[in-house]
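Written below as structure tokens is the structure these notes are about.
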Amino acid sequence: MRKDIEARNRRMMEMLHARAAKLTRGESLTPPIVNAAKYALPGDPDHAFPYGRFDNPTWQSLEAAIGALEDAETVCFPSGMAAVTAAIMAALKPKAKVLLPSDGYYTVRVLMDEFFRQHDIEVTEVATADMDRHDLSAYDLVWLETPSNPGLDTCDIAAIAEHTHAAGGLVCVDNTTATPLLQPTLDLGADLTVSSDTKALAGHSDVLFGHVSARNGDLIERVRQWRKLSGSTPGPAEAYLAYRGLMTLEVRLERMCANAMALANLFYTHPAVQAVRFPGLADDPSYATATKQMAQPGFVIGLSFADKATAERFITECPAIFAATSFGGVQTSGERRARWGDDVAEGYVRLSVGCEPRDALMSAISETLDTL
Ligand SMILES: *Cc1c(COP(=O)(O)O)cnc(C)c1O
């Protein structure tokens, strides 16, 4: 663990100082937003920037920074789903057998159903909590999301990667909920990692963004080629917003994780809350695996109230909770996931804990709980 913390701190330092180290006198510490469709290109087109769809200096600044955290080559995308699609396209072979979590981010399953199954891609779904026991000998691509969203179940990335690799398959982890700071998926053996940077990585609820990282040169080259050929290109201003958010990722996560731990303990003992899911609680089903592979248990809490009405009152009457979908922002936010059709009870609330001062947040939430 000590070694992991040192590696994490080293990557964090590298990320923060990567750009500064290369600057010449008079250049800005922040990356410029380069709005460019055309670059000067006389003669042969063998230049790093031939055309706006191929590459962009603002993307490169962001990719270098995220790449320092992932310790891997990184390609950025205009949304998490654009990154997910790129990873799938890079990893799939014709007639591939794919294993998906049945309880992961639902749009990934819909995408597979709507657009991939028809091309002889065979998709099997297994719950995240059952992944560790599932026979992995038949898959070309194993897709993981741990902790899963919204149920917060976990699976053992290192063990699954070992079994999948032994059978010749690839593993891709959607690391949105944890971020590379809390869970170094590539160190644990994943071949590809994807993230919706819309969430905690950019962290300010003002931009959609995503990235794919891999240490295998051929795989990441396929991802890059997919971006270039499909035109799944981020705007340079959005890339800058993601860069700016990323610079404070560690301090935000520190506060969010500490707030979440304190709140999870409050929920655990409060009579208005029927059940709490949080990988940092010692009797949570995810505790052992989360402790093994995550630096901290994160900032998302699952809460069960008696019914839909009580859950709605908690969300809408608490002044410290912003009623919205998505997670990982500065402000604490929450929603009932059943409203999107997730396979959870009507009274289940996904709470994304934010950066508010802890005592003020705790008292606002406990006052609302007392009225339920
Ligand atoms: C939000 C989310 C996505 C999709 O990201 P967008 O930026 O909304 O496209 C993918 N995976 C997970 C786990 C998410 O939470």
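The values are calculated or read from the model by the stated rules, or taken from the named source; none is laboratory data. Note that the structure is a prediction, hence the values are computed from the model and not measured. Note: ideal-geometry Cβ built from the backbone for every residue, glycine included; neighbour counts use all protein chains shown. The area values use the complete protein model at the heavy-atom level, side chains included, leaving out ligands, DNA and RNA. Shrake-Rupley method; radii C 1.70, N 1.55, O 1.52, S 1.80 Å.
Within the stretch 312-334, the set of residues being touching an Asp or Glu at 6+ places or on another chain (Cβ under 7 Å) and not hydroxyl-bearing (S, T, Y) comprises I315, A320, A323, A324. Looking across the stretch 296-341, the residues that are open to solvent by 10 Å² or more (accessible area, probe 1.4 Å), of a type in the set (A, V, I, L, M) and away from the ligand (no atom under 16 Å from the Cβ) come down to A306, A309, A320, I321, A323, V330, A338.
Residue-by-condition table, conditions (1) without any contact (Cβ under 8 Å) to a residue 60 or more places away in the chain; (2) within 12 Å of the ligand (Cβ to nearest atom):
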| residue | (1), (2) |
| --- | --- |
| E73 | no, no |
| T85 | no, yes |
| K95 | yes, no |
| L99 | yes, no |
| G104 | no, yes |
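Provide a single number: the residues in the stretch 41-71 that are of a type in the set (S, T, Y) and either within 16 Å of the ligand (Cβ to nearest atom) or touching a residue at least 40 places away in the same chain (Cβ under 8 Å) (or both). Qualifying residue count, the stretch 41-71: 2. When restricted to residues that are among the hydroxyl-bearing types (S, T, Y) and open to solvent by 20 Å² or more (accessible area, probe 1.4 Å), the stretch 56-88 contains 3.
Among residues of the stretch 207-219 that are farther than 15 Å from T193 by Cβ, none has a Cβ under 7 angstrom from a residue that is open to solvent by 10 Å² or more (accessible area, probe 1.4 Å) and more than 16 Å from the ligand (Cβ to nearest atom) at a sequence gap of 6+ or on a separate chain. Per this entry, V171 is not counted among residues that are within 11 Å of the ligand (Cβ to nearest atom) and either in contact (Cβ under 8 Å) with a residue 40 or more places away in the chain or crowded, with 18+ Cβ neighbours inside 10 Å (or both). In this structure, E6 does not qualify as acidic (D, E) and surrounded by 12 or more Cβ atoms within 10 Å (Cβ to Cβ).
Scanning the stretch 22-55 for residues being surrounded by 14 or more Cβ atoms within 10 Å (Cβ to Cβ) and closer than 17 Å to R244 by Cα gives a total of 3. Among the residues of the stretch 193-214, those that are more than 19 Å from T233 (Cβ to Cβ), within 12 Å of the ligand (Cβ to nearest atom) and touching a Gly at 6+ places or on another chain (Cβ under 8 Å) comprise K199, A200, S205.
Restricting attention to the stretch 266-295 and to residues that are in contact (Cβ under 8 Å) with a residue 40 or more places away in the chain and more than 24 Å from C318 (Cβ to Cβ), the residue that is most open to solvent (accessible area, probe 1.4 Å) turns out to be K292.
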